[in-house]
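A.B. asks: Have a look at this one before I ask anything.
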Amino acid sequence: MATLSIKPGLRCTVSDWMNTNNEISVTAEQRRHLSHEIRQEGRALCNDTTNKTIWGEYDNNRRLSDRISEVKLWKKSLEACAEEVDTEMDALTLTKEAVERALAATVLPLEVTNECLTLREGRRGNELLSDPVEAELKKEVEVIDKAQEVLQQCIDQAFRHLCLLQEARHQLTLDLQHKMQALDVDISCLSLSVTSSEISLKPNPTRVPPGSTTPQQWVQFSQNNITQAKEEMQASLHLRENINITIAEVQNELESQRIATRFAFRKRTHQLEQAHQELQWQIKTTQDEINELKEDILRLERDMQSKMAPLKLVHTRLEYRTRRPGTDLCRDEVQHGLVEETRQLASSILVLKQKLAQAQDSLQALQLHEARMLEDLVRKQEALSLEQRSMQTRQRLNSAQKESEPSAVSPLTNSSGMHKLQLKYTDSA
């Protein structure tokens, strides 16, 4: 009969077996409990992280929206300021061109005044004198030179301030371009979602980019640009007012001097015409006197010649009576009468000769003075002609003044060559 082989080994007791089974059950319950807690905590954590993620995305979307609205507000402020700068630049450009026209308008008066001075240098003799007309013309040249200097200074000031406005406009434009680029970026960020195909993980996304600014610095930068532009616009307004006042003052001074010079010309021309007429009357009267004096000289010569025959008669009688003989050669009344007649005739002839000499001297003096007056008349005619030519030359000022009357002004471009500076961006909002 066969026998069963018995393996050698340790044998557990029933109590050990039961303890082992109990330990396994307890451990299983503990593991299940721990797993349940972990599962519950995991579910809560998922819910919490999901809520945080949703709220985080919502908060950042709201922040992006607020930021976009804030940037848009600043963009509108910058655009409004830029339009004001454009308007002020156009206004200053118009004022500058008005000054340039006023400066160009002084060229003709200066040319006319110098031409009048040159014409009046053609006077001769005692007509070439320093009269009030010459003084007013020289003063007019000084006034025009001073006006040109003042107007040129206004043009230089306007040009320099246009450059300052252009620089302020450039800063505004650059700030606006940056604002629009930032808007494009923020609007693109706001349009992204978890389902967007463009999203991906990026290396070191939380780094601080170089050149980053604080919100206070960001606001201060745009505020400074607007403040600077407004200060330049205010200064431009004052400059335009001063330039307009200067133009009015210069034009008033030029017009006042032009009137003074015209009055001096008219007064001098009137004096010349009076002197010319007076000289013509004097010449005519002198010529009449010369003609009468010539007739009187002829009359004196005839009277003196008419005395020669009686003188010869008396001389002959006296000579014949010297031939009387003896006592008949007496100094009787006839002899005394003849001697007296001789003396009388000689005295008459001597007086006539003296008067004839005086008349001839007077005639020569009258003729010399007549020649002088005729020469002076020619000079006065030349001087009067030069005054009239000068006044005709100054008529060009009246024609130029009528042509320069205010007319419709067409819009002018600013210093950049554009009527309005176009902003190099489009509103994407």
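A.B. asks: Considering only residues of the range 170-226 that are part of a helix (DSSP H, G or I) and of a type in the set (D, E, K, R), which is nearest to residue 60 (Cα to Cα)?
C.D. replies: Within the range 170-226, the first condition is being part of a helix (DSSP H, G or I), and the residues that meet it are 170-191, 215-226.
Next cut, of a type in the set (D, E, K, R) only: 175, 179, 184, 186.
On the way: 175: 25, 179: 19, 184: 16, 186: 11 Å.
This residue is 186.
A.B. asks: Here's a follow-up. With the condition kept exactly as written, say whether any residue in the range 196-218 is aromatic (Phe, Trp, Tyr) and within 22 Å of residue 76 (Cα to Cα). Before the answer, list the steps.
C.D. replies: Step one: list which residues in the range 196-218 are aromatic (Phe, Trp, Tyr), which gives 218.
Next cut, within 22 Å of residue 76 (Cα to Cα) only: 218.
Yes, the range 196-218 contains a residue that is aromatic (Phe, Trp, Tyr) and within 22 Å of residue 76 (Cα to Cα).
A.B. asks: State which residue pairs qualify: first residue closer than 11 Å to residue 273 by Cβ and inside the range 371-391, second residue open to solvent by 60 Å² or more (accessible area, probe 1.4 Å) in any location, beta carbons under 7 Å apart, and separation of 6 or more residues or different chains.
C.D. replies: Listed pairs, sorted by first residue: 384/273.
A.B. asks: Would you point out which residue out of 103, 172 is in contact (Cβ under 8 Å) with a residue 60 or more places away in the chain and not basic (Lys, Arg)?
C.D. replies: Values: 103 fails: in contact (Cβ under 8 Å) with a residue 60 or more places away in the chain.
Only one candidate passes the filter, namely 172.
A.B. asks: If only one of 258, 266 is surrounded by 15 or more Cβ atoms within 10 Å (Cβ to Cβ) and not aliphatic (A, V, I, L, M), which one is it?
C.D. replies: 258 is the lone residue from the list that is surrounded by 15 or more Cβ atoms within 10 Å (Cβ to Cβ) and not aliphatic (A, V, I, L, M).
A.B. asks: Can you tell me which residue within the range 236-250, out of those that are open to solvent by less than 40 Å² (accessible area, probe 1.4 Å) and among the hydrophobic types (A, V, I, L, M, F, W, C), is nearest to residue 155 (Cα to Cα)? Give the derivation first.
C.D. replies: Here is the first cut: in the range 236-250, the ones open to solvent by less than 40 Å² (accessible area, probe 1.4 Å) are 236, 239, 243, 246-247, 250.
Applying the additional criterion that residues be among the hydrophobic types (A, V, I, L, M, F, W, C) yields 239, 243, 247, 250.
Values: 239: 11, 243: 9, 247: 11, 250: 14 Å.
That would be 243.
A.B. asks: When residues of the range 54-85 are filtered for being open to solvent by 20 Å² or more (accessible area, probe 1.4 Å) and either closer than 15 Å to residue 232 by Cβ or over 37 Å from the mean Cα position of the chain (by Cα) (or both), how many remain?
C.D. replies: Kept after step one, since they are open to solvent by 20 Å² or more (accessible area, probe 1.4 Å), are these residues of the range 54-85: 54-67, 69-70, 72-74, 76-77, 79-80, 83-84.
When the remaining residues are screened for being either closer than 15 Å to residue 232 by Cβ or over 37 Å from the mean Cα position of the chain (by Cα) (or both), the result is 54-67, 69-70, 72-74, 83-84.
Counting residues in the range 54-85 that are open to solvent by 20 Å² or more (accessible area, probe 1.4 Å) and either closer than 15 Å to residue 232 by Cβ or over 37 Å from the mean Cα position of the chain (by Cα) (or both) gives 21.
A.B. asks: Only one of 88, 127 is surrounded by 11 or more Cβ atoms within 10 Å (Cβ to Cβ) and either modelled with pLDDT of 95 or more or within 30 Å of residue 153 (Cα to Cα) (or both). Can you tell me which? Before you say what the answer is, go through the steps one by one.
C.D. replies: Details: 127 fails: either modelled with pLDDT of 95 or more or within 30 Å of residue 153 (Cα to Cα) (or both).
Step by step, each of 88, 127 is checked, and only 88 is surrounded by 11 or more Cβ atoms within 10 Å (Cβ to Cβ) and either modelled with pLDDT of 95 or more or within 30 Å of residue 153 (Cα to Cα) (or both).
A.B. asks: So, one more: Restricting to the range 332-370, and then to whatever is among the small types (Gly, Ala, Ser) and surrounded by 15 or more Cβ atoms within 10 Å (Cβ to Cβ), can you tell me which residue is nearest to residue 278 (Cα to Cα)? Break it down into steps so the answer makes sense when it comes.
C.D. replies: First, the residues of the range 332-370 that are among the small types (Gly, Ala, Ser): 337, 346-348, 357, 359, 362, 365.
Add one more test, that the residue is surrounded by 15 or more Cβ atoms within 10 Å (Cβ to Cβ), and what stays is 348, 359, 362.
Details: 348: 40, 359: 25, 362: 22 Å.
Here the residue is 362.
The values are calculated or read from the model by the stated rules, or taken from the named source; none is laboratory data. Keep in mind the model is a prediction, meaning the values are calculated, not measured. All Cβ positions, even for glycine, are placed from backbone atoms using ideal geometry, and neighbour counts span all protein chains on display. Protein only, heavy atoms only, side chains kept; ligands, DNA and RNA dropped before computing areas. Shrake-Rupley method; radii C 1.70, N 1.55, O 1.52, S 1.80 Å.
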